[in-house]
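Comments concern the structure below.
The values are calculated or read from the model by the stated rules, or taken from the named source; none is laboratory data. None of the values given here were measured: they were computed from a predicted structure. Cβ placement follows ideal geometry from the backbone for every residue including glycine, while neighbour counts extend to all protein chains displayed. Each accessible area value is taken on the protein alone, full model and side chains, heavy atoms only, with ligands, DNA and RNA left out. Shrake-Rupley method; radii C 1.70, N 1.55, O 1.52, S 1.80 Å.
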Amino acid sequence: MKTKLLLLLAFAMVLALSANAVTFTVDGICYQTASGGVNVVKESSGYDNYANLINAVIPSVVGYNGHNYQVVRISDQAFRYAENLKSIEIPNTVKMIGASAFYSCSSLTSITIPNSVTSIGNSAITVCANLLSVNISSSVKTIGTNNLKECPQLEEIWVDPENTVFDSRDNCNALIKTSTNELLMGCNTSFIPASVESIADKAFYNCDRLKTITIPTSVTSIGYQAFSGCDSLASVTIDGPLSYFGARAFEFCSSLHDVQLSEGIETISLSCFEYCTSLKSINIPESVNVIDSCAFLYCSKLESVNLGANIQRIGARAFMNCLSLNSIHSYIQIPQNVTCGNRVFEGVDKSLCMLFVPEGTVSLYQARSPWKDFINIVENSYVPLVREGVIWEYVGESDDPLPKHSLYTLEFNGTTTIDGKVYHKIYRTDYDKQGNAQNPYFVAFVREENKVVTVYIDTYEEDEYFYYTYWFMMPKTLYDFSKPMFLPNEAYISFGDEGPYDYDTNYTTYSSIDVEVGESVRKGYFIDHGNDERSFKTIEGIGVDCDFGDLLIPYRDYYTGFNNPMASLAAVYENGELVYKGRAYDKAQRLKNPVEGDVNDDGVVTSADITALYNYLLDSDYQYYETSDVDGDGEVTSADITAVYNILLGE
């Protein structure tokens, strides 16, 4: 009974103090007396709260009616909707910032929390459209939920290194809870340190300028809507085996076109990639057993999907309205064992979309919804890269003296046994300026087993051709077609422009789609540059097709005695038949059948060739110099202009 009386007495005292609280305004800021000093309070409850306040300086002590009061708190909603407030100075006497204190301060650009504040309330600093930076002092011990959310311009989050509860380790521009290694809040310039173990709900919500993110192997969970609404986010790489993938984690990321999911992920969560309208391909790893409802709903540009073999459930509307979907590669052996929700592929044109299934399973898919709705259900077929009878034709470019452009071919011809394993031999044949084939010479040993392509160069066999440094004296994996493309950079492949590079694993990753080659469909691995521009690095059974890149040939630097020219794939032949045209195909045809007098390499002889010769004589670095020796005397002179003139006259 005594305890109850004490509680009632205390409550009565609080009411008495509240009743006696005095509210007053000094220099445009409202205060209310409270125990220990005064609190900053709101001017109005409406949208006109502090409508005229632009640059606010809160003093540590404020005087009113003959009394001086220390400012100890910024109350709940104090500056809520103060949309003209651009700057705020908080004194070193404030101990608490209340809930929604700076909610929707759309003009505020920065805020520094002084070294007196111990607590920041829920949503205290959120929906601040122009907020650029936040500094958090060492004294802050608690931060409520939903802070720094929907601050689309935020670029800097700094935590005093002396803070024992929170940190922004490695200058990551993020707020991390030190004891749990949980990333609570991120911004447009954040990266995720390798020590972070989880990403909180809405950690990067509406970070409009975040462009790329790599989630390291240390992270085991991603929270609800963690990256939702990141409109500029284009690339996501998830390195680790996530145990928890929060719902709607990447929804409404309208620029997201490249997603790399690692093995170990078990569930693609509810609406995880919903409305990712730039996403073009997705590879579902073998570890995934659930694709939840609406996971890829309205991914309108999604063209290609790989479904891992261990999927057990696909939720309702998982791929609904994926209007561009043209190929699905399913590795599910028994579709009857997979539970599928309603309308999984609604909106997909099932008369055009190809459904590729494991060998011997077509009838199983034809008997099971929703698979049976697809008109074209065909068996997956793999075309090995390493096979006899294939010739790759290249147009090379070199900075060496004549010729600048060259034509050469690579082909498998014969086998040898190394360490008990059979390797195919690659030979190279160069063509002279007149299009005549020269003697072929050995380049490397290559083998393919279980879709893994390996190169081996033995410095002791056929070493009259090349001398290699020590790192080539062992097999190197060049391609692994059994999984998403990961090209090990240590293989020194001359590929020109690289893709997204992972400095922790030394791997370059690529996306893939289906590519029609003759009457077959192959996997094409590429880097997506945006704006529908893609650089194909390799195509299953075809090889490299990029601006500059050799097929299966390790890089040879100047010191090994052989400079590998940059090259573009012109064509692939199999058993004498053309099966693939590369971007340099027309150029190769002209090099094989050169037109005399065609100095500018456009396929015909006109007065433009005389102009090209004239330009070369004025500037010896002019680009057409390899075709400028028209009369074949070993030098370029005015006599070559005469030779072209005579060709035009028909002499």
Completion exercise
Filtering the range 436-457 for residues that are assigned to a loop (DSSP other than H, G, I, E, B) and buried (at least 18 other Cβ atoms within 10 Å of the Cβ) leaves a count of 1
Exercise for the section: Can you confirm whether the range 406-419 contains a residue that is open to solvent by less than 40 Å² (accessible area, probe 1.4 Å) and either part of a loop (DSSP other than H, G, I, E, B) or touching a helix residue (DSSP H, G or I) at 6+ places or on another chain (Cβ under 8 Å) (or both)? Expected result: yes
Exercise for the section: May I ask you to verify whether GLU150 is buried (at least 16 other Cβ atoms within 10 Å of the Cβ), of a type in the set (D, E, K, R), farther than 21 Å from GLU89 by Cα and in contact (Cβ under 8 Å) with a residue 12 or more places away in the chain? Expected result: yes
Completion exercise
For the range 284-307, the count of residues that are under 24 Å from LEU352 (Cβ atoms) and either open to solvent by less than 30 Å² (accessible area, probe 1.4 Å) or of a type in the set (D, E, K, R) (or both) equals 14
Problem - For LYS433: the one exception among (1) open to solvent by 40 Å² or more (accessible area, probe 1.4 Å); (2) under 36 Å from the mean Cα position of the chain (by Cα) - result: (2)
Handout entry: THR214 open to solvent by 10 Å² or more (accessible area, probe 1.4 Å), outside any loop (DSSP other than H, G, I, E, B) and hydroxyl-bearing (Ser, Thr, Tyr)
Key = yes
Problem - Selection count, the range 314-328, where residues are open to solvent by 10 Å² or more (accessible area, probe 1.4 Å) and out of contact with any Leu (no Cβ under 8 Å at 6 or more places or on another chain) - result: 2
Exercise for the section: Identify, by number, the condition in (1) open to solvent by 20 Å² or more (accessible area, probe 1.4 Å); (2) at negative phi; (3) not small (Gly, Ala, Ser) that ILE176 doesn't meet. Expected result: (1)
Practice task
Exactly one condition in (1) at pLDDT below 85; (2) in a strand (DSSP E or B); (3) in contact with a strand residue (DSSP E or B) (Cβ under 7 Å, 6 or more places away or on another chain) is not met by GLU462; state its number.
Solution key: (2)
Fill in the blank from the handout: Residues of the range 218-267 being assigned to a loop (DSSP other than H, G, I, E, B), polar (S, T, N, Q) and either closer than 17 Å to ILE284 by Cα or open to solvent by 10 Å² or more (accessible area, probe 1.4 Å) (or both), in sequence order, are SER218, THR220, GLN225, SER232, SER243, SER254, SER255, SER262
Practice task
Please report, ordered by residue number, the strands (runs of 3 or more DSSP E) entirely within the range 37-147 with at least 3 residues that are open to solvent by less than 40 Å² (accessible area, probe 1.4 Å), in contact (Cβ under 8 Å) with a residue 24 or more places away in the chain and within 29 Å of ASP167 (Cα to Cα).
Solution key: 67-74, 133-136
Practice task
Report whether or not LEU270 is part of a strand (DSSP E or B) and modelled with pLDDT of 95 or more.
Solution key: no
Practice task
Would you mind finding the one in VAL604, VAL644 that is surrounded by fewer than 21 Cβ atoms within 10 Å (Cβ to Cβ), among the aliphatic types (A, V, I, L, M), farther than 30 Å from ILE539 by Cβ and at pLDDT 80 or above?
Solution key: VAL604
Exercise for the section: Sort through ASP201, ASP208 and tell me the only one that's open to solvent by 30 Å² or more (accessible area, probe 1.4 Å), touching a Pro at 6+ places or on another chain (Cβ under 7 Å), closer than 23 Å to CYS128 by Cα and acidic (Asp, Glu). Expected result: ASP208
Practice task
Test each condition in (1) at pLDDT 75 or above; (2) within 30 Å of the chain's Cα centre (by Cα); (3) buried (at least 17 other Cβ atoms within 10 Å of the Cβ) for LEU569 and report the one that comes out false.
Solution key: (1)
Exercise for the section: Consider only pairs whose beta carbons are under 6 Å apart and that are at least six residues apart or on different chains; among these, list those whose first residue lies in the range 370-387 and is more than 17 Å from GLY360 (Cα to Cα) and whose second residue is open to solvent by less than 30 Å² (accessible area, probe 1.4 Å) and aromatic (Phe, Trp, Tyr). Expected result: PRO370/PHE345
Fill in the blank from the handout: Contact list, first residue from the range 631-651 and free of Cβ contacts under 8 Å to residues at least 24 places away in the same chain, second anywhere and open to solvent by less than 70 Å² (accessible area, probe 1.4 Å) and among the hydroxyl-bearing types (Ser, Thr, Tyr), beta-carbon distance below 9 Å, six or more apart or interchain, is ASP631/THR637; VAL636/TYR616; VAL636/TYR625; VAL636/SER628
Fill in the blank from the handout: Restricted to the range 568-613 and to residues being without any contact (Cβ under 8 Å) to a residue 60 or more places away in the chain and in a strand (DSSP E or B), the residue farthest from PHE412 (Cα to Cα) is LYS581
Practice task
Can you confirm whether the range 161-170 contains a residue that is open to solvent by 30 Å² or more (accessible area, probe 1.4 Å) and over 25 Å from SER116 (Cβ atoms)?
Solution key: yes
Problem - Restricting the range 286-332 to residues that are assigned to a strand (DSSP E or B) and of a type in the set (Ser, Thr, Tyr), the residue that is farthest from the chain's Cα centre (by Cα) - result: SER330
Handout entry: Test: residue in the range 350-363 that is closer than 21 Å to CYS272 by Cα, in contact with a Phe, Trp or Tyr (Cβ under 9 Å, 6 or more places away or on another chain) and either crowded, with 16+ Cβ neighbours inside 10 Å or modelled with pLDDT of 95 or more (or both)
Key = no
Practice task
For the range 122-170, enumerate the residues that are under 25 Å from ASP208 (Cβ atoms) and small (Gly, Ala, Ser).
Solution key: SER123, ALA124, ALA129, SER133, GLY144, SER168
Completion exercise
Across the range 19-49, the tally of residues that are aromatic (Phe, Trp, Tyr) and touching a strand residue (DSSP E or B) at 6+ places or on another chain (Cβ under 8 Å) stands at 2
Practice task
Scan the range 158-183 for residues that are under 22 Å from ALA234 (Cα atoms) and in a strand (DSSP E or B) and jot them down.
Solution key: LEU183
